[in-house]
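Written out below as structure tokens is the structure these notes cover.
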Amino acid sequence: MMKLKRLCSLCILAGMGAALPAAAAVTVDELALRQNEMRQDLRALDERLRRLEAQMSSQALLNLLNQVAELKAELARLRGQQEELQDRLAVVQRRQKDLYEELDGRVRELANRPAPSLPVDAIQLQPSRALLLTGSDPAAETRAYEAALAQFRAGDYAAAVRAFQAFLRDHPASGMASNAYYWLGLAHAAQGNYSAAVESYQRLLEGYPTSNKVPDAMVSLARARLQLGEAAAAQGLLDQVVSKYPHTRAAETARRLLATLK
């Protein structure tokens, strides 16, 4: 009986001894599996972190680019207003010069004319030569031009086109006609009508070669040509701007555009 109990005890101990390594082996496998899963989780988290950082960088860059674009638009608007003030001042100065020259000529004419047989108060002065040439009231002419320009600045380009066309029809000899053709071209281009824009710029360049709008009109014409797929013609215009007007803002713009074409 004692032998049987001892034999059973030995069998139980042997069984436990055989089971312990198996249990230890299972525990190690589980730990290895969990460690592998943790590595995968860490890699996934690291990848998500990289994606978030990339998105944050892209958003920051996009915000910065938007701010730069807004600043450029505001700068262009302010420059446009400055140019318009300069143009209006030049027109007023030309008108004053014409009036002074005409008045001076009339004074000399009266001084050299023999004494009139009629009383002095019977002499009737003729209307201004500038008024006869334009056939319109200068104040009404200025109001019509400024109204058309206001439509353009408000972003109503279709209305601006109609207003500038009416201005050029009603005041063909205006000192602001070259400016009107320039803004008319920009209004056409803003609507995507590049063929009409080209026609307006060409009218300016051919009819008013001494206008201070010529360099800017050449650059705008080059842009319109590029939109129409006429890269060679556009490059030729930009080269002319750089060579003829090297120290102007239009030449700087032309150089930047040429750099993108090369």
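Any read-out appearing in this document is the output of simple, stated calculations on the displayed coordinates, not a laboratory observation. This structure is a prediction, so every number in the text was calculated from the model and none was measured. Note that each Cβ is placed from the backbone with ideal geometry, even for glycine, and that neighbours are counted across all protein chains shown.
Summary table
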| quantity | calculated |
| --- | --- |
| Taking 201, 245, 145 and counting other C-beta atoms within 10 Å, the order from fewest to most | 245, 145, 201 |
| For the stretch 172-257: rounded, prolate or oblate by the Cα gyration tensor [a/c cutoff 1.5] | oblate |
| Net charge, residue 147 excluded, C-beta distance under 15 Å - Lys, Arg +1, Asp, Glu -1 | -1 |
